[in-house]
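J.: Take this structure, written in structure tokens, and hold onto it; I'll ask about it next.
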Amino acid sequence: MIEPARILVAVGGGIAAYKVPELVRALVGQGHTVRCVLTDAATQFVSPLVLQTLTGEAVRRGLLDVSEEGEIDHIRLADQSDLVIVAPATADLMARMAHGLANDLVSAVLLATRAPILMAPAMNVNMWNHPATQRNLELLRERGVLQVGPESGELACGWEGLGRMAAPPSIVSAADRALSSGSLSGQCVLVTAGGTTEPIDPVRGITNRSSGKMGFALAAEAARRGAEVVLVAGSTSLPTPEAVRRVDVGTALEMRAAVLQELEGATVIIKAAAVADFRPREAADRKLKKETLVESDVMSLELVRNPDILEEICQIKGERIVVGFAAESHDVIPAARRKIERKGCDLLVANDVSRSDAGFSTDLNAVHLITPDGAVEDVSLRHKAEVASQILDRIEKIRGEREA
Ligand code: PMT
């Protein structure tokens, strides 16, 4: 059960604003005190009177309105909120948030609040994919702004693709998660992320396309839920998420050593890294000269097997919850079922890496959560931060079942 909270819903001027009354109604139904602030444009899409009636609270629109400011000024509105939901977060509103503008009530409140902000973006697919919007999104995420959606599908503008605002029940679930941070406090979560690089010589190596985004999203979300987080990171250019202790490694052997070193205190281990199964038998200490090595335009490398870190830790895991990943390109579910049986982990997150919109390097992912009994739960295409959140929900469920 989520404790009743004070939620401020900041409504942006987009067609998706028509869904806000349903959102507000669900939040009020959960016992929350809900207040709404609207941009001028939002009032064209949703009636302030409807929101005022559903919330039982005065709706605010103007920053410079003497009577509105007199009742409760915008700074108090920002201060007296436990969570701010921005729905719909239009491209314009996201840009204003990202750049710290405060030229109307909604943007001023968003700049002044110290409460967590959860945004539900909604816009045309081309506006969403525009580099300016994506850069603003990155800035907002770096600052800890939470996100739900957008979803993919038919858009009000007639286009098809990502841009539809998350459905009100999904926004309510995301708000629940935002308000229940601390659910992993007392837990120590060890996450591996990124690819390993197996050196051939000082300038060359064997690596893979893992960007680290999936593992970093898991580390960030676990930290937000109050866990102590250790992130063992292979090759990646991502910044360290807030409140996360990071250990950088290069090779699979280094990753194994770091994982075993950190294992002692860990209660949950999530192996999102893409670890090389093989490494060159020997790495040359000088750059190999192609003229002296290559005969008939063919060069052979002798590879030896790397230890399977996941399998190894599953053998000694004790009470720890161990989550593995599987990158599969065909027969995803049967292959993943065989993998969970072979490796012995408590949950396997299977990616279909033949998709171009999910898996390696993308911002989005679509996965199947597979348990040792072979049951499958699908997580459809969404941002990796949201996939991470669903994986952690599942881990919390496993923990709850064990405790019960
Ligand atoms: O980093 P991103 O760009 O965001 O992409 C995310 C991802 C696609 C890399 C990630 O979601 C993913 O699928 N990671 C696992 C990739 C992989 O190596 O899969 P695998 O099927 O080869 O390995 C299965 C599991 O065993 C993995 O948990 C892996 O970490 C582990 N393993 C594999 C080999 C090895 N020698 N030791 C291991 O521990």
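The values are calculated or read from the model by the stated rules, or taken from the named source; none is laboratory data. Note that this is a predicted model, so its numbers are computed, not measured. Glycine gets a Cβ as well: all are built from the backbone with ideal geometry, and neighbour counts include every protein chain shown.
Conditions (1) outside any strand (DSSP E or B); (2) assigned by TED's automatic domain parsing to the domain that holds Glu221; (3) farther than 25 Å from Arg256 by Cα; (4) β-branched (Val, Ile, Thr), marked per residue:
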{"site": "Glu291", "(1), (2), (3), (4)": "yes, yes, yes, no"}
{"site": "Glu319", "(1), (2), (3), (4)": "yes, yes, no, no"}
{"site": "Ser356", "(1), (2), (3), (4)": "yes, yes, yes, no"}
{"site": "Gly359", "(1), (2), (3), (4)": "yes, yes, no, no"}
{"site": "Ala366", "(1), (2), (3), (4)": "no, yes, yes, no"}
{"site": "Val379", "(1), (2), (3), (4)": "no, yes, yes, yes"}
{"site": "Leu392", "(1), (2), (3), (4)": "yes, yes, no, no"}
{"site": "Lys397", "(1), (2), (3), (4)": "yes, yes, yes, no"}
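J.: Listed residues Ala233, Ala223; which is buried (at least 20 other Cβ atoms within 10 Å of the Cβ), closer than 21 Å to Ala327 by Cβ and either more than 16 Å from the ligand (Cβ to nearest atom) or touching a residue at least 12 places away in the same chain (Cβ under 8 Å) (or both)? Working first, answer last.
T.: Details: Ala223 fails: closer than 21 Å to Ala327 by Cβ.
It is Ala233.
J.: Suppose we filter Ala58, Ala78, Ala89 for residues that are of a type in the set (A, V, I, L, M, F, W, C), in contact with a strand residue (DSSP E or B) (Cβ under 9 Å, 6 or more places away or on another chain), within 17 Å of Val11 (Cα to Cα) and without any contact (Cβ under 8 Å) to a residue 40 or more places away in the chain; which single one remains?
T.: On the way: Ala78 fails: without any contact (Cβ under 8 Å) to a residue 40 or more places away in the chain; Ala89 fails: without any contact (Cβ under 8 Å) to a residue 40 or more places away in the chain.
The conditions single out Ala58.
J.: Restricting attention to the stretch 305-323, which residues are away from the ligand (no atom under 12 Å from the Cβ) and either within 18 Å of His368 (Cβ to Cβ) or β-branched (Val, Ile, Thr) (or both)?
T.: Ile316, Ile321
J.: In addition: For the structure I just gave you, tell me whether Phe325 is among the aromatic types (Phe, Trp, Tyr) and either without any contact (Cβ under 8 Å) to a residue 40 or more places away in the chain or in contact with a strand residue (DSSP E or B) (Cβ under 7 Å, 6 or more places away or on another chain) (or both).
T.: Working: among the aromatic types (Phe, Trp, Tyr): yes; either without any contact (Cβ under 8 Å) to a residue 40 or more places away in the chain or in contact with a strand residue (DSSP E or B) (Cβ under 7 Å, 6 or more places away or on another chain) (or both): yes.
Here the answer is yes, as Phe325 does meet what is asked.
J.: Return yes when Glu264 is more than 30 Å from Arg141 (Cα to Cα) and away from the ligand (no atom under 15 Å from the Cβ) and no when it is not. Working first, answer last.
T.: Values: more than 30 Å from Arg141 (Cα to Cα): yes; away from the ligand (no atom under 15 Å from the Cβ): yes.
In short, yes.
J.: Could we say that Gly265 is assigned to a loop (DSSP other than H, G, I, E, B) and touching a strand residue (DSSP E or B) at 6+ places or on another chain (Cβ under 7 Å) here? Quick ask: steps written out before the conclusion?
T.: Working: assigned to a loop (DSSP other than H, G, I, E, B): yes; touching a strand residue (DSSP E or B) at 6+ places or on another chain (Cβ under 7 Å): yes.
Spelling it out, Gly265 is indeed assigned to a loop (DSSP other than H, G, I, E, B) and touching a strand residue (DSSP E or B) at 6+ places or on another chain (Cβ under 7 Å).
J.: Specify the residue that is surrounded by the fewest Cβ atoms within 10 Å (Cβ to Cβ); the eligible residues are those in the stretch 352-397 that are within 9 Å of the ligand (Cβ to nearest atom) and in contact (Cβ under 8 Å) with a residue 60 or more places away in the chain.
T.: In the first step, residues of the stretch 352-397 are kept if they are within 9 Å of the ligand (Cβ to nearest atom); the result is 353, 358-363, 365, 367, 384, 387.
Still in the list and also in contact (Cβ under 8 Å) with a residue 60 or more places away in the chain: 360-363, 365, 384, 387.
Details: Phe360: 18, Ser361: 10, Thr362: 18, Asp363: 17, Asn365: 27, Lys384: 23, Val387: 25.
Ranking the qualifying residues of the stretch 352-397, first place goes to Ser361.
J.: Another question about this same structure. State all residues of the stretch 272-290 that are out of contact with any Lys or Arg (no Cβ under 9 Å at 6 or more places or on another chain) and crowded, with 17+ Cβ neighbours inside 10 Å; if no residue qualifies, say none.
T.: Once the filter is applied, which keeps residues that are out of contact with any Lys or Arg (no Cβ under 9 Å at 6 or more places or on another chain) and crowded, with 17+ Cβ neighbours inside 10 Å, the stretch 272-290 yields Ala272, Ala273, Ala276, Pro280.
J.: Additional query: Consider the stretch 351-404. How many of its residues are hydrophobic (A, V, I, L, M, F, W, C) and closer than 19 Å to Val148 by Cα?
T.: Matching residues across the stretch 351-404 total 11.
J.: Could you list all residues from the stretch 324-344 that are more than 8 Å from the ligand (Cβ to nearest atom) and either of a type outside the set (D, E, K, R) or at positive phi (or both)? Reasoning before the result, please.
T.: Keep residues of the stretch 324-344 that are more than 8 Å from the ligand (Cβ to nearest atom), which gives 329-338, 340-342, 344.
Ser329, His330, Asp331, Val332, Ile333, Pro334, Ala335, Ala336, Ile340, Gly344, listed by residue number.
J.: Additional query: If I ask for residues that are near the ligand (Cβ under 9 Å from one of its atoms) and either among the charged types (D, E, K, R) or more than 19 Å from Leu253 (Cβ to Cβ) (or both), which ones from the stretch 201-211 would you list?
T.: Start the filter on the stretch 201-211 by keeping residues that are near the ligand (Cβ under 9 Å from one of its atoms), which leaves 208-211.
Hits for the stretch 201-211 are Arg209, Ser211.
J.: Among the numbered criteria (1) over 23 Å from Glu221 (Cα atoms); (2) away from the ligand (no atom under 14 Å from the Cβ); (3) not in a loop (DSSP other than H, G, I, E, B), which single criterion is violated by Val247?
T.: (1)
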